[in-house]
Amino acid sequence: MPEEEEQDPQPAPQETPPEPAPAPQEPGSAPAGQPAPPAPAPAAPAPPAPAPAGGHEKPFAGARRSWKFVLKFLAFSLVFWGLEFAYQWYVLIPGEVGGALVRSFALAGATFFGLALCSSAVFRWKPRWVKYWYVRRSLGVMGFVFIILHFVSTQQFLFNWDLPALFWSLDPFQNPVLFGLAAMPIFFLLAITSFDWAVDKLGQRKWKAIHRLVYFGYLFSVFHFLLINPALLLNPAGYLLLAVTALAVGGDLYWFIRTVVAKKSSKLGIAVGVLVILLWLVFGYLGFVAPALQAGAAPQAPAPPEPGVDPELQEDVEAMQRFMERNELPVPNATLPGERDFQGERVAAQGQFQNLHYQTAGTASLTQANGSWYVVFGEDFATPNGPDLVVYLTPNQEPTQREDIGEGIVLGDLRALEGRQAYPIPRDVNVSLFHSVTIHCRAFNVPWSYAPLEAV
Ligand code: HEM
């Protein structure tokens, strides 16, 4: 929660002491740029040299002066991330380097952000420790570095740099990536203004106003990772993140209420605090309470099967969905050599993927190249992950029923969730008999999506 106006601890006073001033008496009473308490603890980086009198701090001057601390903190961060990565790679998703990178950067970044916020509450509780304020700043900046790497690895390993695919739904409760995206510009702004020279240039008031945005960035981040795939958090690395998050939110709320009760909050502080609390409640309701109520209401009043919908298929679709909610699915990411650069390919027929049970986008085509036939998915292809997805060439132009694949031929497991991919058609197949491409969930026998093929 937003801190009170008068008592915000300022960043790393002992790192960049521009001029001598009395030591802070209570948490956060030292304005930016003032020195540490007179007898810094041995763990704190000593301020080796004062900043140029009267002039602005140069960028990273504080970090340069306390380079030993910076090195130690970097080593700690690398070890922390390394443990997260090893746990993913060896234990949770053995051998999946991409997934392990995506998740370890995410968990390390989000845990560092949570620890940074926890430390604010700790400084208020133990005012003497405010001299370690620079630790909070380092956690925030390193957390941001990890989250940038998380973003880059999601693009590299999950989205194939298809940025529009991030916006497949504009409802953040359906597509929680949007919460992550909303947090990014806020964290970017906070990261570039988290150095002494920025505090110096902006002045305390502006700096403080900008840094209140952290509560919004954090709110978006927490809803991003709670909603995107809750099953990912049900392991010790996730429990650590959840515990740190609960402490950060609880600590901030506690101090917000205390400062409001003690009438030490500014009007802006109260307004921001109340808004943030309201947003937590509204997002919590929309993200968790409303869906739980809906799910609870469903068995009491089962919807009659829609006319034309096979009830057995409906049951299998629901079983598949329950399986997907409870289990981590391996992300298919195989490619065949040469599928990106066919020489002189000729498209004979093509069509757009249609949604059946999941939203699938892009083009499929029947293509001839090098004397062979292929089903080729275009660069625009994108589908959510599902269990045991298989590609078929099917005769019916609208293969919406599961029986339709009975007459089709299997081309292979779906090799990637996005982007161009080519599936060779066996030589003895008469392609003129096939009028659609189907993606089918083999494990639950559920049609996933199909693309009707029209001659071009
Ligand atoms: C920049 C935009 C972002 C994108 C595109 C993005 C994307 C994703 C995706 C696709 C996943 C699911 C990964 C999987 O299923 O393996 C994920 C998970 C996660 N993300 Fe993000 N994210 C973004 C920003 C953030 C931010 C700002 C945070 C937190 C500070 C964050 C923290 C997490 C966490 C903790 C997980 C769960 C990892 C796990 O439990 O294994 N992400 N993100």
**OP:** Return a yes/no flag: does the range 118-126 have any residue that is of a type outside the set (A, V, I, L, M), within 11 Å of the ligand (Cβ to nearest atom) and out of contact with any strand residue (DSSP E or B) (no Cβ under 8 Å at 6 or more places or on another chain).
**Re:** no
**OP:** Filter the range 226-258 down to residues that are touching a Ser or Thr at 6+ places or on another chain (Cβ under 8 Å) and either part of a loop (DSSP other than H, G, I, E, B) or acidic (D, E) (or both), then give me how many there are.
**Re:** 1
Original post:
How many residues are in contact with a helix residue (DSSP H, G or I) (Cβ under 9 Å, 6 or more places away or on another chain) and basic (K, R) if we restrict to the range 396-421?
Top reply: 1
Subject >> Output for the range 130-160, where each listed residue is closer than 23 Å to F69 by Cα and among the β-branched types (V, I, T) >> reply: V130, V135, V141, V145, I147, I148
Subject >> All positions within the range 415-450 that are within 24 Å of F323 (Cβ to Cβ) and of a type in the set (A, V, I, L, M, F, W, C) >> reply: A416, L417, I439, C441, A443, F444, V446, W448
Subject >> Options T245, T259; residue that is more than 16 Å from the ligand (Cβ to nearest atom) and of a type in the set (S, T, N, Q) >> reply: T259
**OP:** Would you please name the residue that is surrounded by the fewest Cβ atoms within 10 Å (Cβ to Cβ), looking only at residues in the range 115-137 that are touching a helix residue (DSSP H, G or I) at 6+ places or on another chain (Cβ under 7 Å) and charged (D, E, K, R)?
**Re:** R136
Original post:
With respect to the numbered conditions (1) more than 21 Å from the chain's Cα centre (by Cα); (2) within 16 Å of the ligand (Cβ to nearest atom), which one is the sole condition not fulfilled by A108?
Top reply: (1)
Original post:
Does S221 fit the bill of being assigned to a helix (DSSP H, G or I) and within 15 Å of the ligand (Cβ to nearest atom)?
Top reply: yes
**OP:** Any chance you could count how many residues in the range 192-209 are closer than 14 Å to G140 by Cβ and surrounded by fewer than 17 Cβ atoms within 10 Å (Cβ to Cβ)?
**Re:** 1
**OP:** Answer yes if at least one residue in the range 170-190 is surrounded by fewer than 19 Cβ atoms within 10 Å (Cβ to Cβ), under 23 Å from E96 (Cβ atoms), away from the ligand (no atom under 11 Å from the Cβ) and not assigned by TED's automatic domain parsing to the domain that holds E418, and no otherwise.
**Re:** no
Original post:
Quick check: is even one residue across the range 368-376 under 37 Å from the mean Cα position of the chain (by Cα), without any contact (Cβ under 8 Å) to a residue 24 or more places away in the chain and over 25 Å from Q174 (Cβ atoms)?
Top reply: no
Original post:
Just a yes or no: is a residue in the range 395-417 outside any loop (DSSP other than H, G, I, E, B), modelled with pLDDT of 90 or more and touching an Asp or Glu at 6+ places or on another chain (Cβ under 9 Å)?
Top reply: no
**OP:** Determine, yes or no, whether A243 is surrounded by fewer than 16 Cβ atoms within 10 Å (Cβ to Cβ) and out of contact with any Gly (no Cβ under 9 Å at 6 or more places or on another chain).
**Re:** no
Subject >> Selection count where residues are more than 9 Å from the ligand (Cβ to nearest atom) and surrounded by 16 or more Cβ atoms within 10 Å (Cβ to Cβ), scope the range 156-167 >> reply: 3
Subject >> Pairs, first more than 14 Å from C118 (Cβ to Cβ) and in the same structural domain as W280 (by TED's automatic domain parsing) in the range 248-263, second of a type in the set (S, T, Y) and in a loop (DSSP other than H, G, I, E, B), C-beta under 9 Å, six or more apart >> reply: F256/S265; T259/S265
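The values are calculated or read from the model by the stated rules, or taken from the named source; none is laboratory data. All values derive from a computational prediction rather than experimental measurement. Note: ideal-geometry Cβ built from the backbone for every residue, glycine included; neighbour counts use all protein chains shown.
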